[in-house]
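Okay, so here's the structure we're looking at.
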Amino acid sequence: MFESEYARCEYIEKDNVVFHTWKKEAHYDDYRDPVKASLELLRDHENSVFIVDARNGFEDVPEDVEWGFKWFLPELKKTGCKIWGFILPQVCQIEGEIDLWTKEIEKNFRVIRAESYEDIVKQIGVGV
């Protein structure tokens, strides 16, 4: 498990999920350190599902987007992860940011968007 003032990352064994929760806006190392912690959990638990609670989400700075696309997503693919879940409200203030990430993520992963952790897990149970 990893926890900072910006994010919390944990493995939920019963669901085989790495659960990443953003607490508040983060950039550069404050953004990348929690993401790297989630990646380590995904490496430790091959073929697990990655769920990001983005209800406290924010617009990423361009450098973090570039880092995410060029480094994080290729590393994530190596873990065997095939599903990425986003927890978001139906109406989201960062819709453009989510669309940007979703278009890139969908190149290699199934993306599920729901309003709760339980909704994502339920969809995974049906679709896996």
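Data for the structure
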read-out: Test: residue in region 116-126 that is at pLDDT below 90 and exposed (fewer than 14 other Cβ atoms within 10 Å of the Cβ); value: yes
read-out: Selection within region 29-74 - closer than 14 Å to TYR6 by Cα and part of a strand (DSSP E or B); value: VAL52, ASP53
read-out: Whichever residue in region 5-19 is part of a strand (DSSP E or B) and of a type in the set (D, E, K, R) and, among such residues, is nearest to VAL121 (Cα to Cα); value: GLU10
read-out: Test: GLU97 is in a helix (DSSP H, G or I) and of a type outside the set (Lys, Arg); value: yes
read-out: ASP60 vs. criteria in contact with a His (Cβ under 8 Å, 6 or more places away or on another chain) and at pLDDT below 90; value: yes
read-out: Subset of region 31-57 [at pLDDT below 95, closer than 20 Å to LEU88 by Cα and polar (S, T, N, Q)]; value: ASN56
read-out: The one condition in (1) under 19 Å from ILE112 (Cβ atoms); (2) in contact with a strand residue (DSSP E or B) (Cβ under 6 Å, 6 or more places away or on another chain); (3) not acidic (Asp, Glu) that GLN90 fails to fulfil; value: (2)
read-out: Candidates TYR6, TYR28 - the one that is modelled with pLDDT of 95 or more and on the phi > 0 side of the Ramachandran plot; value: TYR28
read-out: Selection count where residues are under 19 Å from ILE124 (Cβ atoms) and touching a Lys or Arg at 6+ places or on another chain (Cβ under 8 Å), scope region 20-48; value: 3
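The values are calculated or read from the model by the stated rules, or taken from the named source; none is laboratory data. A quick note: this is a predicted structure, and the numbers were derived from the prediction, not measured. FYI the Cβ positions are ideal-geometry reconstructions off the backbone, even for glycines, and counts take in every protein chain you see.
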